[in-house]
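Here, each number is a calculation from the coordinates, and none is a lab measurement. What you see is a predicted model; the values in this text were computed from it and never measured. Neighbour counts run over all protein chains shown; Cβ positions are idealised from the backbone, glycine included.
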Amino acid sequence: MAIHNDLGRWGETTAASFLLEKGFKIIAKNYRNWQSEIDLIVTKDDMLIFVEVKTRTGTAFGMPEEFVNATKAKLVMRAAEQYIFDIDWEHDVRFDIVSILTLPDGSTDIRHIEDAFSR
């Protein structure tokens with residue numbers, strides 16, 4: 001398996017732990033629909049939140065969250081529509097990004113960007 005796949009899985013696990021510590025409940029991981037995937041689906045306070053996780057080891061090409069472009073957002077929203085339909089969700093929804101940057105000293109910079117697709 002490629003190193004970037006290992007980094008991605010590590011990032012998703014790290015993001016899930018981070019969100020759990022903030023009081024979110026993990027509902028699903030790696031939800032797939034057609035050609036779309038949602039990394040994490042979580043809830044908090046009657047809000048269903050679809051989370052895209054981006055993990056990088058450096059900023060030479062930009063911050064991790066900058067890699068969520070309009071095409072990726074559209075794919076996530078398409079999968080979210082199906083998930084909402086499948087579970088008959090009737091409350092609010094939101095799309096977030098968890099950005100994880102590993103630093104040279106071995107530490108991590110984790111940023112939770114709420115309502116990221118509306119910006």
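Assorted remarks:
- Label point at Phe85 placed 7 Å out along Cα→Cβ; residues across the stretch 8-50 whose backbone nitrogen lies under 17 Å: 32-38
- Fully extending the segment from Leu20 to Trp34 would add 2.3 nm, taking 0.36 nm per residue of separation and subtracting the current Cα-Cα distance.
- The Cα atoms of the stretch 3-118 give a gyration tensor whose axes a ≥ b ≥ c have a/c of 1.5 or more with a/b greater than b/c, which makes the shape prolate.
- A DSSP coil position with no more than 14 other Cβ atoms inside 10 Å describes the following trypsin sites (Lys or Arg not before Pro) in the stretch 1-110: Lys22.
- From phi via Karplus (6.51, -1.76, 1.60), per-residue ³J(HN,Hα) for the stretch 101-106 in Hz, x at Gly/Pro: 10, 7, 9, x, 7, x
- Relative contact order %, the chain, counting alpha carbon pairs below 8 Å whose residues are six or more apart: 23 percent
- The chain: angle of helix 3-21 to the longest principal axis, Cα-based, in degrees nearest 10: 60 degrees
- Cleavage-rule hits (chymotrypsin sites (Phe, Trp or Tyr not before Pro)) in the stretch 33-113: DSSP loop, at most 15 neighbouring Cβ within 10 angstrom: Trp34, Phe61, Trp89
- Linear extension gain, Glu114 paired with Thr59, 0.36 nm per residue minus alpha-carbon span: 17.7 nm
- Derived scalar couplings ³J(HN,Hα) [the stretch 87-94; Karplus, 6.51 cos²θ - 1.76 cosθ + 1.60; whole Hz; x for Gly, Pro]: 9, 6, 6, 10, 10, 6, 10, 8
- Note on the chain: antiparallel DSSP beta bridges, both residues inside, total approximately 65 percent of the bridges counted.
- From least to most packed, judged by other beta carbons within 10 angstrom and beginning with the fewest, Leu19, Leu7, Leu103 follow the order Leu103, Leu7, Leu19.
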